[in-house]
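Let me begin by presenting the structure, written as structure tokens, before commenting on it.
Nothing in this text is a laboratory measurement; each read-out follows from the coordinates by a stated rule. Note that this is a predicted model, so its numbers are computed, not measured. Virtual Cβ from ideal backbone geometry, glycine too; neighbours counted across all protein chains shown.
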Amino acid sequence: MHSSDIGKALTVFALLSMNSPVLLGQSTEYIAPRTEYGHPNLNGVWQALNTANYDLQGHEARPAMALLPIPPSSASPGTDRATPGALPAEELRALGAVGGVPAGQGVVVGNEIPYQPWAAARQIENAENWLMRDPEIKCFLPGVPRATYMPYPFQIIQGASQILIAYEFAGATRTIHMEDVGSSPSPTWMGWSVGSWEGDTLVVDVTGFNGQTWFDRSGNFHSEALHVVERYTPISPDHLMYEATIEDANVFTEPWQIRMPLYRRIEPDKQLLEYECVEFVEQLMYGELGLNNPATGQQNE
Amino acid sequence: MGQRQTSLLVMIWAAFFTMTMLGGFVSAQNVMIEEPISNWETPRTPWGDPDIGGIWRYEATIPLERPDHLQNRAFLTDEEVAAITLVEEELAMARLSGLDGVDVGKATLEESPIRYNEYNSFWQDHGRPRQVYRQTSLILDPSDGKLPYTDDAREAARRSTERYGVGPYESYLDPDTGERCLTDGAAIMMWQGPNGGHNRIVQSPGYVTIVHEEYQDRRIIPVDGQPHHGVKQWLGDSVGRWENDVLIVETNNFLDKTNYEWANIWSRASDTLRLIERFERVGPQSIEYTLTVEDPKTFTRPWTAVIPILKLPDSTHIFEYACHEGNYALSNMLSAGRVEATKN
């Protein structure tokens, strides 16, 4: 990477931290190299490096995603014996520090998600029931934009007339249609994606969702009315700026935005591998449903 | 490898022409590949690779193995071709008119792409008759058109057929890998998939990516000289190269999943499995796909199938196949299994 590119990337980051209303990809003068067919070349294996999959919003560190309720205390601090703080739920306690949640500054522009009142209550309820409700735990297709910032790489496969985005998690693949294909014939987990170029930015308009995916492990959610507009803008040879505008009139009072850099996995010969997690969740989902339990080798009660 | 395939094809052609002369066959549409087009030139991607992009599907009636009653016969007669063609047309009509399941298939077509066609037929509806070829098996080597199973694998295949749809289903390990929404295996990906056999091939500089609708099986194959990554996977570790406009893909490093139930023993993942595939665009609508499977755990020798793959219109879509997300059948089978057990 040229030092001038780094400088531009830093400028972009500075703008990011100020929550500039200017779309960041457009504020840089970086000109991406072209493919043989004329568009900016987005090919490569990319990954987000942030804590958005834990919580899109700014959050402090804590010992686990699922915690025991903290018992109320009426005593004035210091006048009685010490009381416990946040403790991991029993199911997660054996994980120790591995099960902890790293702090994060958040990726939501302005940090507020404009929920309607009922939906704000639902998000809290979702978070409280994270182990039961998060589709990630069941290896379900992660939806958009969540697939982008899960802690797994993804590959952009940019052909002359087709673009695929292949995610490592659950082997999800999206076709980005670069021509008019009408609307989705059916609700889907990963949405129905139609792409276009705005200058150096790949803009992907995503509709046709079902209401079953989440945005993060904190229970941030949407309905079937979700409409996501993603923007992938090269800001250096090894960085894309990713922005997603999220609109869902059933759940939010107005559209809102997330924004984060994506990093190229620059290891030589980096390839996207399989994460076939269906096999990893069968015992959780089905182990106790059958006559026999594979984990114990015994009959279920 | 390439040499041997060529010679197999030459044999087929030679056999066809011999039979044409002897038997007076009239049509060229029943040979393995599209009628040769004069001056056919493989189209190119903007960066110069042969272009095999698009939506592709195997839609012919040729079974993988030669049926027993056609022993020693590489080709069907005119009468047999006419009879199968009629059945295919009737099936297509029946499906288009809304008949379903056994009403469509079971009584009329023993060589249904899934056994006895007992599934809802919309899964397999091609919307048109399948292509009928004279060839009696996709397997050309060995020459008897049969899978060269080891004794153990033959027994496993017999058991798999016997328990299909019957069970017992006492835990999630009893359904086959497909019913568990995992995969039916890399060897079927390009040409099978009764519930979604379409493949989208997208090429980008240095890669050929194949997305299979069923189970969302996906292979991102480097063709720029990258080495094998060495990590074992369900669909193995593929490396490709272009040789004279033919894509050759070698795949090894499969996980050993022979402990699981497989719908087809011949497509199971095993750590001794090795695939060699050959993709040759032989016409605007055709890829001749040659699959060679080696696995001493399952076969006494390598076997090779030559499979005509059809290009579908560019407007064809690969849809989302959210199998695991909606796998209510699995929990239903397990609860039914418990009810069965209490009855006994």
_Using the Cα centre of the range B:166-260 as origin and beta-carbon charges of +1 (Lys, Arg) and -1 (Asp, Glu), tell me which of B:M189, B:I221, B:Q233 is placed farthest towards the positive end of the dipole._
B:I221
*Simple label model, 7 Å out from Cα along Cβ direction - B:T150 to B:E65, nm*: 1.7
*Using a 10 Å cut-off on Cβ to Cβ distances, tally the other chain neighbours for every residue of A:56-64 and report the average as a whole number.*
0
*Only Lys, Arg, Asp and Glu count, each charged at its Cβ (+1, +1, -1, -1), so figure out the dipole size of chain A about its Cα centre, rounded to 20 debye.*
520
_Those residues of the range A:272-301 whose amide nitrogen sits under 16 Å from the label point placed on B:L173, 7 Å along Cα→Cβ_ = A:279-300
*Once you've got the GNM for chain A with C-alpha springs shorter than 10 Å, pick whichever of A:A160, A:A64, A:A127 has the biggest mean-square fluctuation.*
A:A160
*Quick one: compute the contact order of the range A:46-100, relative version, from alpha carbon pairs under 8 angstrom and 6+ residues apart, as a percent.*
44
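Hey, with R₀ at 41 Å, roughly what FRET efficiency would A:T296 and B:D271 work out to, going by the Cβ-Cβ distance, to 0.05?
Numbers: r = 27 Å, r/R0 = 0.67.
Once rounded, the FRET efficiency stands at 0.90.
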_Order of B:I55, B:I309 under a 10 Å beta carbon neighbour criterion, fewest first_ = B:I55, B:I309
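Just to confirm a number: summing +1 for Lys and Arg and -1 for Asp and Glu over residues other than B:T150 whose beta-carbon lies under 11 angstrom from that of B:T150, what do you get? Mind dumping the intermediate values first?
Working: positive: B:R154, B:K297, B:R301; negative: B:D151, B:D152, B:E155, B:D295.
So the surrounding residues net to -1.
Let's test the formula: R0 of 51 Å, r as the Cβ-Cβ distance of A:D180 and B:A82. What FRET efficiency results, to the nearest 0.05? Show your work: numbers first, answer last.
Numbers: r = 43 Å, r/R0 = 0.84.
Efficiency, from the Cβ-Cβ distance: 0.75.
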_With Kirkwood's inverse mean 1/r over C-alpha pairs for Rh, give me the Rg to Rh ratio of the range B:256-344, two decimals please._
1.14
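Please compute the contact order of chain A in relative form: average sequence separation of alpha-carbon pairs under 8 Å and at least six residues apart, divided by the residue count, as a percent.
21
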*Considering amide H positions built from the backbone, and no H for Pro or chain starts, which residues 5 or more places from B:Q135, or on another chain, come under 5 Å of its amide H?*
B:L76
*Relative contact order of the range A:159-268: what whole-number percent is it, with Cα pairs under 8 angstrom and at least 6 residues apart?*
15
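Counting Lys +1, Arg +1, Asp -1, Glu -1, what net charge surrounds B:E320 among other residues with beta carbon under 12 Å of its beta carbon? Present the calculation step by step, with values, prior to reporting the outcome.
Details: positive: A:R174; negative: B:E213, B:E214, B:E325.
So the surrounding residues net to -2.
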*Built amide H within the under 5 Å cut-off of B:Y207, gap 5+*: B:V223
*Across the range B:153-170, in residue order, what do the Karplus-derived ³J(HN,Hα) couplings come to in whole Hz, using 6.51 cos²θ - 1.76 cosθ + 1.60 with θ = phi - 60° and x for Gly and Pro?*
5, 4, 5, 5, 5, 4, 5, 4, 5, 5, 8, 4, x, 10, x, x, 10, 9
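Mind listing which GluC sites (Glu not before Pro) in the range A:78-158 are in a DSSP loop and have 13 or fewer other Cβ atoms within 10 Å? It would help to have the intermediate numbers written out before the result.
Details: sites: A:E90, A:E91, A:E112, A:E125, A:E128, A:E136; in loops: A:E112, A:E136.
Counting only loop positions with at most 13 other Cβ atoms within 10 Å, the GluC sites (Glu not before Pro) in the range A:78-158 are A:E112.
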*For A:V98 and A:E267, FRET efficiency with R0 = 30 Å and r from the beta-carbon atoms, rounded to 0.05?*
0.80
*Of all alpha-carbon pairs in chain A, indicate the percentage at a distance above 26 angstrom.*
51
*In what sequence do B:L70, B:L330 fall when counting other Cβ within 10 Å, fewest first?*
B:L70, B:L330
*Dipole of the range A:235-301, Cα-centred, from +1 at each Lys and Arg C-beta and -1 at each Asp and Glu C-beta, to the nearest 20 debye?*
300
*For a footprinting-style exposure proxy, rank B:K297, B:K343 by other Cβ within 10 Å, fewest first.*
B:K343, B:K297
_Quarter of Cα convex hull surface for the range A:87-160, i.e. mean projection, nm²_ = 7.9
*asked:* I want to check the label-to-label distance for A:R81 and B:T161. Put each point 7 Å from Cα in the C-beta direction and report it in nm to one decimal.
replied: 7.2
*List the residues whose amide H sits under 5 Å from the amide H of B:H198, counting only those 5 or more places along or on another chain, with H placed 1.01 Å from N in the peptide plane.*
B:E213, B:E214
